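Step one of this worksheet: look at the structure below.
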Amino acid sequence: MGSVNGNVSRASKIKFDFLDEGKTYLATIYADAADANYKTKPQAYTIKTMRVTKKDSMVQHCAEGGGYAISIIPINK
């Protein structure tokens, strides 16, 4: 999943309610760094991982002209 942002920075609320019930997933988030800007710091980004389930949600910062991508892979138990 992902998002491309317009001319104004914002925060996206992301719900993982589309995931399968009772399963855990590894989400890898590729996102704008706090100081990212398409004019002055276009390559400022972060990569983080977290475990998510259907019940989880998160808020993701989107820089002006930025965005994010999230890879979601099931964790086999």
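The values are calculated or read from the model by the stated rules, or taken from the named source; none is laboratory data. None of these values were measured; they are calculated from a predicted model. Please note: Cβ atoms are built from the backbone with ideal geometry, for glycine as well, and neighbour counts cover all protein chains shown. Surface accessibility is based on the protein's heavy atoms, side chains included, excluding ligands, DNA and RNA. Shrake-Rupley method; radii C 1.70, N 1.55, O 1.52, S 1.80 Å.
Observations on the model:
- All positions within the stretch 58-77 that are over 10 Å from the mean Cα position of the chain (by Cα), open to solvent by 60 Å² or more (accessible area, probe 1.4 Å) and of a type outside the set (D, E, K, R): Ile73, Pro74, Asn76
- Just so you know, in the stretch 1-27 the residues that are hydrophobic (A, V, I, L, M, F, W, C) and either more than 18 Å from Asn37 (Cβ to Cβ) or modelled with pLDDT of 95 or more (or both) include one that is most open to solvent (accessible area, probe 1.4 Å), and it is Phe18.
- Residues of the stretch 28-55 satisfying the condition of being open to solvent by less than 50 Å² (accessible area, probe 1.4 Å), in contact with a Phe, Trp or Tyr (Cβ under 9 Å, 6 or more places away or on another chain) and either part of a strand (DSSP E or B) or closer than 20 Å to Ile72 by Cβ (or both): Ile29, Ala31, Asp32, Val52, Thr53
- Between Lys15, Lys41, the distinction of being without any contact (Cβ under 8 Å) to a residue 40 or more places away in the chain and charged (D, E, K, R) belongs to Lys41 only.
- The stretch 58-77 residues that are β-branched (Val, Ile, Thr), paired with ones that are open to solvent by 50 Å² or more (accessible area, probe 1.4 Å) (beta carbon under 6 Å, 6 or more apart): Val59/Ala11; Val59/Lys13; Ile70/Met1; Ile73/Leu26; Ile75/Leu26
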